[in-house]
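**Q** Here it is, the structure in full.
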């Protein structure tokens with residue numbers, strides 16, 4: 001499920017992107033027509049853009065009894081802009097003056113919207129190049 005038709009079309013041409021077991025849905029997750037049940041729903045870097053109070057109950061209702069919502073993230077190597085100098089200019093130039101960094105999973109758990117199955121963390125299987133990491137960090141509006 002993705003809001004962007006271009007992102008879905010790009011995903012379809014990736015290895016196994018056209019697998020018959022993948023159901024691509026275009027539109028805002030808060031509104032799209034779902035065809036449950038699903039044994040696995042994956043979510044990634046764009047969760048912070050969604051209305052959690054709408055999305056998570058919808059996804060929970062769409063899962064099979066033993067189904068999972070997998071939140072897929074990435075851990076990047078430190079970047080030059082992660083340093084103290086950059087952190088000092090953000091409050092001056094950011095349009096979001098009230099932003100407070102948070103841990104997504106911990107925040108969702110605190111709101112009773114998600115429960116992490118302890119011991120179910122996945123290992124990184126590959127490393128991104130710096131270019132692809134930069135591109136991916138700019139892939140959401």
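**Q** So, R0 is 35 Å and r is the distance between the beta-carbons of residue 39 and residue 82; what FRET efficiency does that work out to, to 0.05?
**A** 0.40
**Q** On to the next question. Taking the range 1-108, how much of its Cα-Cα pair set, in percent, is spaced more than 19 angstrom apart?
**A** Every Cα pair in the range 1-108 considered, those over 19 Å come to 58 percent.
**Q** A further question follows. State, to one decimal in nm, how far the label point of residue 102 lies from the label point of residue 13, with both points 7 Å from Cα in the Cβ direction.
**A** According to this spin-label approximation, the distance is 3.7 nm.
**Q** Can you compute the label reach from residue 117? Point 7 Å from Cα along the Cβ direction, backbone N cut-off under 16 Å, restricted to the range 39-56.
**A** 39-43
**Q** Go through 49-62, 85-98, 25-38, 6-19 and give me the packing order, highest mean Cβ count within 10 Å leading.
**A** Ranked by mean Cβ neighbours within 10 Å, highest first: 49-62, 25-38, 6-19, 85-98.
**Q** Using only Cα atoms, locate the centre of the range 32-48 and the centre of the range 61-110, then give the distance between them in Å, rounded to an integer.
**A** The two parts, judged by their Cα centres, are 19 Å apart.
**Q** For the pair residue 23 and residue 70, how long in nm is the line joining their label points, each one 7 Å along Cα→Cβ?
**A** 1.7
Where a number appears in this text, it was derived from the coordinates with a stated rule and is not lab data. Model, not experiment: these values are computed from the prediction. FYI the Cβ positions are ideal-geometry reconstructions off the backbone, even for glycines, and counts take in every protein chain you see.
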